[in-house]
1. Can you name every residue in the range 173-189 that is out of contact with any helix residue (DSSP H, G or I) (no Cβ under 6 Å at 6 or more places or on another chain) and touching a residue at least 12 places away in the same chain (Cβ under 8 Å)?
2. Output the number of residues of the range 120-176 satisfying the condition of being touching a Gly at 6+ places or on another chain (Cβ under 9 Å), crowded, with 16+ Cβ neighbours inside 10 Å and basic (Lys, Arg).
3. Please work out which one of (1) among the polar types (S, T, N, Q); (2) out of contact with any Ser or Thr (no Cβ under 9 Å at 6 or more places or on another chain); (3) not in a strand (DSSP E or B) is the condition Gln199 fails and give its number.
4. Would you confirm, using the coordinates I've provided, whether Thr85 is in contact with a Pro (Cβ under 8 Å, 6 or more places away or on another chain) and in a strand (DSSP E or B)?
5. Looking at Ala122, Ala116, Ala89, Ala104, which one is in contact with a Ser or Thr (Cβ under 9 Å, 6 or more places away or on another chain) and modelled with pLDDT of 95 or more?
6. For Thr101, state whether it is of a type in the set (Ser, Thr, Tyr) and more than 15 Å from Gly129 (Cα to Cα).
Amino acid sequence: MGWYADTLFPPLLDWATRPLERDRDALLAGAQGIVLELGVGTGANFGRYGENAREIHGIEPGAAMLARAQAHADTLPHPARFQLTEAGAEALPYADQRFDTVVACLVFCTIPDRDAAAREIARVLKPDGQLLVLEHVESERTGTRLIQHSLNPMWRHLACGCQLTRDTGSLLQRYGFDVSGLKRRRHPKLPGFAGELLQGVATLAR
């Protein structure tokens, strides 16, 4: 993908998201059974999975980033439970109803075809499964939303496709998810234009 995206951006991303460490811990404590993590990046979440996550699959569309994630997984206890694949979220290489848990952590902001990704998550998630969500989203505040839209073209370029203007909650609802377990909040340690979070558990609506 290029030197910046493959070499410089990954450590910058890990540094920029350090204020979310506790949020990641709280989210991933709920992962259980056979897990799929979308867009694993450098593998920053891997050490946060508990014993209830007995098998962890991860996808990442970039080969260089995936190699970093695999190297990190290899340093952890029970590395064999991590099974990583180079793939995008728009066409998941897994059977229907394969997973007990799907993790979307700071990934929907970047997925090129987010509608296809939401449809795929609904396909591979078991009927009684859970989607764990931690995403920065478009603000409900008019002033902040205007800033997000004005910054988005530059931000998208600098942040390797990340966008500030995604409404992930509404997206998931359109594709059959019950989003009542997702809560919005403003993170005090992130800049306002990127600090509105959507966090919690979504399930397939019955």
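The values are calculated or read from the model by the stated rules, or taken from the named source; none is laboratory data. Just so you know, these numbers come straight off a predicted model, no measurement behind them. Glycine also receives a Cβ, built like all others from the backbone with ideal geometry; neighbour counts cover every protein chain displayed.
1. Residues of the range 173-189 out of contact with any helix residue (DSSP H, G or I) (no Cβ under 6 Å at 6 or more places or on another chain): 173-174, 177-178, 180-181, 183-188.
Matches in the range 173-189: Arg174, Phe177, Asp178, Gly181, Lys183, Arg184, Arg185, His187.
2. Final tally of qualifying residues: 1.
3. (3)
4. Details: in contact with a Pro (Cβ under 8 Å, 6 or more places away or on another chain): yes; in a strand (DSSP E or B): yes.
Spelling it out, Thr85 is indeed in contact with a Pro (Cβ under 8 Å, 6 or more places away or on another chain) and in a strand (DSSP E or B).
5. Numbers: Ala122 fails: in contact with a Ser or Thr (Cβ under 9 Å, 6 or more places away or on another chain); Ala116 fails: in contact with a Ser or Thr (Cβ under 9 Å, 6 or more places away or on another chain); Ala89 fails: in contact with a Ser or Thr (Cβ under 9 Å, 6 or more places away or on another chain).
Ala104 is the lone residue from the list that is in contact with a Ser or Thr (Cβ under 9 Å, 6 or more places away or on another chain) and modelled with pLDDT of 95 or more.
6. No.
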